[in-house]
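The values are calculated or read from the model by the stated rules, or taken from the named source; none is laboratory data. Keep in mind that what you see is a predicted model, and the values were worked out from it rather than measured. Quick reminder, even Gly has a Cβ in these numbers, built from the backbone with ideal geometry, and neighbours come from all protein chains shown.
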Amino acid sequence: MAQRDLAIRIGGEAGMGLESSGAGFARALTRGGLYVFGLPDYYSRIRGGHNFYSIRVARHPLYTHAEPVHVLLALDRETIRRHVNHVVPGGAIIYDEKDGLPEGPRRADVGFCALPLSQLAEEKGGREVMRNTLALGVVAGLIGFDPQYMASVIRDNFARKGQAVVDANLRVVEAGVQAGCSFDGDFSFRMEAVPGAPARVMMNGTEAFALGALAGGCRFVAGYPMTPGSLALHWFARYADQYGVATKHAEDEIAAINMAIGAGLVGARALVPTSGGGFSLMVEALGMAGIAEIPLVVYEAQRPGPATGLATRNEQGDLMFALYASQGEFPRFILTPGTVEDCFRAGWQSFNLAEKHQTPAIILSDHYLAVAQRTLDVESIDFDAVTIERGELLTDQDLDAMEEPYRRFRVTASGISPRAVPGHPKAVFVTTANEHTERGAITEEPADRVAQTEKRLRKLKGMQQEIEGPFWYGPEEAELTFVCWGSTCGPLREAVDRLNAGRAGRANMLYFTALCPFPTAATAEALNRTRRTVAVECNATGQLESLLRMQTCWQVERSIRRYDGRPFTPEYILGKLEQAL
Amino acid sequence: MVTRRDFAGGETPTWCTGCGNFAILNGIKMALAEQEIAPHEILLVTGIGCGSKLPHYMHVNGFHTLHGRPVAVATGVRLANHGLRVMVVHGDGDGYGEGLSHFLNAARRNLNIVDLVQDNRVYGLTRGQYSPTSERGKRTPTTPAGAIEWPVNPLALAITAGATFVSRGYSGELEHLVWLIGEALQHPGYALVDVLQPCVTWNRNYAYDFYRERVYKLEEDAAYDPRDRTAAWERAHEWDERIPIGIFYRGELKPTYEEQVAALVSSCLVDRPLDREWILHVEELMQTFF
């Protein structure tokens, strides 16, 4: 049976290593020439509870996970209880015979496959912990996926532990594959490798953003652990020595952003990775970067708030907060990448934007985008496009030739004042978070205040020209136009495809990857071409919807909102669409 | 040669006549000149308070930041450009109240900065509220019945946090203060200079008369050894009758934070080129994603 895509879900307790096993298998599928979308789902606890990793795999690029499951690997009974109804008719549930089945009626249209997973893992590998690997070997056998790609991942992942560990794992895979091939149930879903396919990469939004930021010259990173922002801090800490990046786990988020501002003042491209709670602590300093005109990049990976909220879950609830964070008025950028590719671009672009316009740039990502792994064609991570533009940063030569006293906050037509960093004898100056004169002296004079406020806000004109989007997806003309921002564009894109597969011209999508300064003209023009608009957002109050009203006086006709802590799926959107219309 | 006049300039101070900050301003200028540090070679990072306006009143690089945060800002400055000297100047409310955690962390990290705290034991700019170093029972607008808390002991805290240079000056002893700041500037690592400073407007009980009668210099006590941590701890608790100033503790040198960061070993971060070659170097990391 020809299968367009196939989904595997491996579930169990926290501490069973599901995420690393799942990601390892996703990598094997990628090496086998297939496209995957891998999504970990976990609770904020280290042991127990219920975690799972979903892998969706196809021969075409995937932008989202989905709800149906073809193979459920249940490493405990809870997994069967929770996920049995997601398994498609004809799908299989593989479980350890020692765990047994949960009580209750058993679905007749699904194959239940009890295997001695722990026992086989111990026999072949010597350790029960290899059960995950064994179970994934079973999956490979079941779907007809050539196990050589699993072997290559195992060799890479376990090489540093020695040949004996590699060999044991390879034996375990082999045993799993044999068991999978000899499954006597009625399972017909296949996903064979595509030999000779071009080599592709697999990464999540955190990695893509960090890679882009590093390429864009990020030299200083300060943060404080908070899921999911800390994943970016980990990434930089790992490469800090090799790439010469000062990476500081600070005493708190307030210290982290102030450190980054200090680094920015003296000319280092500085980043603060955080999440909503951490960003809440940082907002006073954000305003300092605004008034003192110091370039700064804040990466805020959203999770559901308020306060601690749902630590390991997803929401797009911080848009209005990011737009208005900190007292007073100052210009800022807000980028809202929607895909892994967007995250890479936002990584390097944000540093150019912040430095050229001497103001903070905020990247709003979210948990879903930060952790979901995707297979990408190598070309989609485009290093050739990366530029490093430092704007009006004065060089030593410029300063040597300077004849008049340096004015750090010189009033200019563009609002951008040529920027020196401390250290040159001709540019000895004071920067202050108080209102100031052109020379940086404290002032409370009305004329100075007006001149500096207007100078800062004049920068918005140039900033506006930097904003790209909104972007269209789908047919030019459609009955319905979905409007979204950030990571929602992944699941929504597939919902659009499915609607159009049912009836051509049914739907298209307008999505925003930057929301501040707001692209008013382009948005108004785009919205005027729509027939019926539906806003899709992962929050309860429709924050983009409000922003559209505020900026363009546009009222969307319908809304689909999700705020249960889970990311959208195409199925969820299509289900809600019926109710919304 | 650097002279005190190289630092002349800036705005007219807004401090009250008789404020201890005038002596601290002079002391900083004189110490920098003596240490041959020119105005462009140092950054004074200050917080918020009367005294934190200090860089505006001289010719020097300054960053006048937020209340309580200059030590954190200074940390970023030092990591990004460890070729630039950094002195933090802020008050007791800033350093020991809002910024207490940054103070202890900078001390334990042994960040190579001078941390000068203008300790007048009261809030000046916000008009006379009690501060972390105010005495117990102090009546102020926010403690009308008298402060219930016991004061912070900054010197004892710095010693406990692992600082290797812990000192106290007095704005009424300018020559001694200049020497102290000079020693702090020479110290490789975190150096605390807590400066007792009368606030003639909001804290008249602790004006010059109070300190003049009590202050004595540790250096004049031949038996005192600043390498002795226990003795330093004891002197840090001496108050009321006699108040010691000078170097309380000068411990065995430890590596500074900056010199232990691998990324900083070859050069200052800000001196490294950002060019196409760098981008290609980063592109090599794509190998790790296959």
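What's the number of the condition residue B:62 fails, among (1) free of Cβ contacts under 8 Å to residues at least 24 places away in the same chain; (2) part of a helix (DSSP H, G or I)?
(2)
So which of A:255, A:240, A:270 is at the interface with chain B (Cβ under 10 Å from one of its Cβ atoms) and in contact with a Ser or Thr (Cβ under 6 Å, 6 or more places away or on another chain)?
Step by step, each of A:255, A:240, A:270 is checked, and only A:240 is at the interface with chain B (Cβ under 10 Å from one of its Cβ atoms) and in contact with a Ser or Thr (Cβ under 6 Å, 6 or more places away or on another chain).
Which numbered condition trips up residue B:239, out of (1) more than 15 Å from residue B:156 (Cβ to Cβ); (2) of a type in the set (Phe, Trp, Tyr); (3) surrounded by fewer than 17 Cβ atoms within 10 Å (Cβ to Cβ)?
Result: residue B:239 fails condition (1) only.
Sort out which residues of segment B:248-264 are surrounded by 13 or more Cβ atoms within 10 Å (Cβ to Cβ) and of a type in the set (D, E, K, R), and write them in order of number.
B:250, B:254, B:258, B:259
Among the strands (runs of 3 or more DSSP E) confined wholly to segment A:291-385, which include 3 or more residues that are out of contact with any Leu (no Cβ under 6 Å at 6 or more places or on another chain) and not assigned by TED's automatic domain parsing to the domain that holds residue A:438?
Here the list reads A:296-302, A:360-366, A:373-376.
Could you list all residues from segment B:35-74 that are charged (D, E, K, R) and at the interface with chain A (Cβ under 9 Å from one of its Cβ atoms)?
Listed by number, the residues that qualify are B:41, B:53, B:69.
Any residue at all in segment A:525-537 that's buried (at least 21 other Cβ atoms within 10 Å of the Cβ) and not aliphatic (A, V, I, L, M)?
Within segment A:525-537 (the criterion being buried (at least 21 other Cβ atoms within 10 Å of the Cβ) and not aliphatic (A, V, I, L, M)), the answer is yes, since at least one residue qualifies.
Kindly list the number of the only condition in (1) without any contact (Cβ under 8 Å) to a residue 24 or more places away in the chain; (2) touching a strand residue (DSSP E or B) at 6+ places or on another chain (Cβ under 6 Å); (3) of a type in the set (Ser, Thr, Tyr) that fails for residue B:46.
The number of the failed condition is (1).
Let's see how each residue does on (1) among the basic types (Lys, Arg); (2) surrounded by 22 or more Cβ atoms within 10 Å (Cβ to Cβ); (3) over 13 Å from the mean Cα position of the chain (by Cα):
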| residue | (1), (2), (3) |
| --- | --- |
| A:192 | no, no, yes |
| A:196 | no, no, yes |
| A:207 | no, yes, no |
| A:210 | no, yes, no |
| A:213 | no, yes, yes |
| A:218 | no, yes, yes |
| A:224 | no, yes, yes |
| A:227 | no, no, no |
| A:230 | no, no, no |
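Every residue, every condition in (1) more than 15 Å from the chain's Cα centre (by Cα); (2) more than 27 Å from residue B:217 (Cβ to Cβ), yes or no:
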| site | (1), (2) |
| --- | --- |
| B:101 | no, yes |
| B:106 | no, no |
| B:126 | yes, yes |
| B:151 | yes, no |
| B:160 | yes, no |
| B:166 | no, no |
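Rundown of residues vs (1) in contact (Cβ under 8 Å) with a residue 60 or more places away in the chain; (2) in contact with a Ser or Thr (Cβ under 7 Å, 6 or more places away or on another chain); (3) under 28 Å from residue A:262 (Cβ atoms); (4) more than 7 Å from every other protein chain (Cβ to nearest Cβ), yes/no style:
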residue: B:227; (1), (2), (3), (4): no, no, no, yes
residue: B:241; (1), (2), (3), (4): no, no, no, yes
residue: B:244; (1), (2), (3), (4): yes, no, no, yes
residue: B:269; (1), (2), (3), (4): yes, no, yes, no
residue: B:280; (1), (2), (3), (4): no, no, no, yes
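Check every one of the helices (runs of 4 or more DSSP H) wholly within segment B:204-290 and list those with 3 or more residues that are more than 30 Å from residue A:31 (Cα to Cα).
Where helices (runs of 4 or more DSSP H) fall fully within segment B:204-290 and carry at least 3 residues being more than 30 Å from residue A:31 (Cα to Cα), they are B:208-214, B:229-236, B:257-260.
Tally time: how many residues in segment A:184-201 are among the small types (Gly, Ala, Ser), closer than 18 Å to residue A:5 by Cα and at pLDDT 95 or above?
2
From B:25, B:79, B:84, grab the single residue that is under 15 Å from the mean Cα position of the chain (by Cα) and either at the interface with chain A (Cβ under 9 Å from one of its Cβ atoms) or surrounded by 20 or more Cβ atoms within 10 Å (Cβ to Cβ) (or both).
Checking each option against the conditions leaves just B:25.
List every residue pair whose Cβ atoms sit under 7 Å apart, with the two residues 6 or more apart in sequence or on different chains, where the first one lies in segment A:152-165 and is without any contact (Cβ under 8 Å) to a residue 24 or more places away in the chain and the second, anywhere, is in a helix (DSSP H, G or I) and not hydrophobic (A, V, I, L, M, F, W, C).
A:158/A:169
Can you say whether residue A:536 is in contact (Cβ under 8 Å) with a residue 60 or more places away in the chain and touching a Ser or Thr at 6+ places or on another chain (Cβ under 6 Å), as far as the supplied structure shows?
Answer is no for this residue.
Working only within segment A:197-206, note down all residues that are more than 7 Å from chain B (Cβ to nearest Cβ) and under 15 Å from residue B:285 (Cα atoms).
A:200, A:204, A:206
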